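Just so you know, all these numbers are worked out from the coordinates, no wet-lab data involved. Keep in mind the model is a prediction, meaning the values are calculated, not measured. Glycine also receives a Cβ, built like all others from the backbone with ideal geometry; neighbour counts cover every protein chain displayed.
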Amino acid sequence: MDFINCLIIAFTLFFTGLFGIFLNRKNILLILMAVELMLLSVNFLLLIASNFLDDCIGQVLAIFILTIAASESAIGLAILVAYFRLKGTLAIEQISLIRG
């Protein structure tokens, strides 16, 4: 695969995630998955650039981003499970009413 085809794949994944956020604003789990898809496309772009430039800094940065994204999704899902147990629903309209 050459560099341009990999860029097209990365941008397609990113805009698929962006489209998923704007298309589905009712389901919070699908929004979280769309954000994760966007983060993975950025990681893919970092790996492509790292391979193209023959440098390992992009790969190290991609590993850091993956660990942060994993912790972010774990904490987000834990908050959603706790909220679902408390209220019984995951409706975004009601979640926006939470004040802390």
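Can you tell which of A49, A74, A62 shows the greatest fluctuation in a Gaussian network model of the chain with Cα springs below 10 Å?
Judging by the Gaussian network model, the answer is A74.
Could you identify which residue out of I31, I21, I68 has the top mean-square fluctuation in a GNM of the chain using Cα springs shorter than 10 Å?
I68
Loop only per DSSP, at most 16 neighbouring Cβ atoms within 10 Å: give me the GluC sites (Glu not before Pro) in the stretch 26-100, ordered by residue number.
Hits after loop and neighbour filter: nothing returned.
So how much slack lies between I92 and D54, counting 0.36 nm per residue of separation and subtracting their Cα-Cα distance, in nm?
9.2 nm
Quickly estimate the mean residue ellipticity at 222 nm for the chain, helices only: each DSSP H run with n ≥ 4 gives -39500 (n - 2.57), and the total goes over all residues, rounded to 500.
Taken over the chain, the calculation gives -28500 deg cm²/dmol.
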